[in-house]
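Here the structure is laid out as structure tokens; the discussion comes afterwards.
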Amino acid sequence: MNSLATRYSQWATVLLIVVVLSACHQSPAFLKRVDETMQIAKGADSSCPAADARRCALDTPLEQLWRDYQYDGRPRVVLLEKGTDALLLRLHLIKAAQRRIDIQTFIWVDDEAGHLVLQELLAAARRGVQVNVIIDQLFSMDNTWLLSELATLHKNLRIKLFNPVFREAHTSKFDFFSALACCLSSLNRRMHNKVFLVDGRYGITGGRNYQDRYFDWDPAFNYRDRDALVVGAAAAQVQESFDEFWAHPYSVALEHLDDVSQRILNGQRNHSEWNTPLAPHARQMVIQTFDYALIRQKFVDTALRADSVRYFSDSPDKVVRSRSGKQANKALSREIRDLMLSARQEVIMQTPYLVLSRKAYRALKKLRRQHPDIRLLVSTNSLASTDAFYVYAISFKHKRRYLKRLGLLIYEYKPKPGYWREMFASPVVNENTRFGLHAKSFVIDNYLSLIGSHNFDHRSDTLNTEAGLIIRSAAVAQALKTAIKRDTDPENSWVVAPKQQVPLWSAFSGLIASLSRALPVFDVWPFRYSSSYELLSPYPAVEPGHPDFYRNYRPVGSFPGVNLSSKQIQTIIISAFAGFAEPVM
């Protein structure tokens, strides 16, 4: 009886929280006042004559790619492997925009890179370009003073937040834990798409968000990431998807968020400096955006022709608990599964989080069964390089079955890869900077490539909306394969392989381990099937399974490069006792 009373008390508390928070939402009359205030507060100044059809846009050599596509009907693709190049191209295209800019992203932080992009978007809006931005709310700018300013900067700059917690821009600790208690399903479903589109012609998608660490501007930690520019019919598909998200009820204009609307009515907003970049390296990049020859060299001369490019995206309904949401859940997962099962010789995959969803695991298991000699290579993070050690812990739990049952060749990225001076060349990167992998891509049979936001895990399959490009091109596949393979070079990654077998003991340990690893909790068998290995000089690099592997490599343990014992201990504990949480990680 006491337990029943306790349960009723808990539900009553949760219900009270929901009722109180719901009561705080603004009425239609209140929102009308906000809209009327916005009509007065929004900037309407113009730096370009209204009669100028080009909106005073910067001349861009990328027009050549559009003309080439129109001539032969073959889409052009540019791989963006370096963060500084990815930022430079975005800034250049903003300056070259004539009609419209659409941006969709999971994270936007108002640091140097994030602020610089906002500054250029404001300049484009003042030229007469329509700028539309959708940002997932949970981990992005929650400074309501700044958001109040952004909402009122200019009539041509419109920003929406996707799936805001309790219809607010700022999520306090109280709101967050209240949402965990009452609305975990909604809270845990996020818009993970990353899209950048200019004039319906030039589309960029991949893994990068808007924060210093995605563009090699963070002195402490930067991501090895990837996105791609596409010029062709796929841009229209990007536009269609963006418009669907923009019109969705879960996309809420800044001025209609409860806390931001209060700021607007009270005249409370930041007064940011929007005229000059924040730092010398930002000023230098702005100068480079005007360098016609440099832009041509980096992004036109390197463009690759594709046989076809298709943009795929989940529907925004995927985050909605409804029949349409369930159907949206299945569409993209089935697409990726079918692509995987089409492989015959080789699949090369890159993901920051090697926690395969059930669908992905079953597809690879079926692929291995149908084609026993197929080569399955995965580039992923080590514990030393990852930004989410709790997710790595689940990957660590499943290493044995990934190696033994799927036959994966696993390479784990080093926190200080040997090519860091070249790959992450920027004025702020130094000897103390750490690096982690964030790229999401795969190559199938040297022809079919996928570049996007999908991590091939449970979250991407069933919780987040995802997007990307499916590219059919031998040239693009070769370039992407070369980039991923370089990430797996011995100076850049450790290779994970089974430990050398000890007669009788290895068989006994393997039996116990297989039973232990299958448990969602109390996976406590301490003896591991595998270890990370490092190449010994002057031996040549070979893959696990080669007769010379154990001669050419030395074991360096499960967590090389990690000096903090607490991080190792936490990883082991999560691996042993938190397997049940895998579906929500």
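Readers should treat all values here as calculations from the given coordinates under stated rules, not as data from a laboratory. Note that the structure is a prediction, hence the values are computed from the model and not measured. We place every Cβ from the backbone using ideal geometry, glycine too, and count neighbours over all the protein chains shown.
Some observations on this one:
- The stretch 49-299 - percent relative contact order, Cα under 8 Å, separation 6 or more: 29 percent
- What the Cβ-Cβ distance of Arg296 and Gln500 gives, at R0 = 60 Å and to the nearest 0.05, is a FRET efficiency of 0.65.
- Diffusion of the stretch 201-333 by Stokes-Einstein, at 37 °C in a medium of 0.692 mPa s and with Rh set to the Kirkwood radius over alpha-carbon pairs, works out to 172 µm²/s.
- For the stretch 68-203, share of DSSP beta bridges that run antiparallel, in % to the nearest 5: 35 percent
- The stretch between Asn270 and His371 holds 30.4 nm of extra length on full extension. This uses 0.36 nm per residue minus the Cα-Cα distance.
- Ordering of 200-207, 68-75, 262-269 by packing [mean C-beta count within 10 Å, highest first]: 200-207, 262-269, 68-75
- Total charge dipole magnitude, the stretch 196-310, about the Cα centre, Cβ charges on Lys, Arg, Asp, Glu only, Debye to nearest 20: 360 debye
- With R₀ set to 45 Å, the beta-carbon distance separating Glu543 from Arg67 gives a calculated FRET efficiency near 0.55.
- Relative contact order, percent, the stretch 366-443 [alpha-carbon distance under 8 Å, six or more residues apart]: 38 percent
- Restraint check, Lys194/Lys366; Lys173/Lys397; Lys160/Lys194; Lys397/Lys499, Cα-Cα greater than 26 Å: Lys194/Lys366; Lys173/Lys397
- Calculated FRET value between Asp45 and Arg305, using beta carbons and R₀ = 41 Å, to 0.05: 0.45
- Hits among lysines - C-alpha to C-alpha of Lys481 under 21 Å, sequence gap 8 or more where chains match: Lys82, Lys298, Lys414, Lys440
- Nearest-20 debye value, the stretch 49-299 charge dipole, Cβ charges on Lys, Arg, Asp, Glu: 460 debye
- Whole-Å semi-axes of the stretch 49-299's equivalent ellipsoid (Cα gyration tensor): 30, 20, 19
- For the stretch 354-428, a simple Cβ point-charge model (Lys and Arg +1, Asp and Glu -1, everything else neutral) yields a dipole of about 700 debye relative to the Cα centre.
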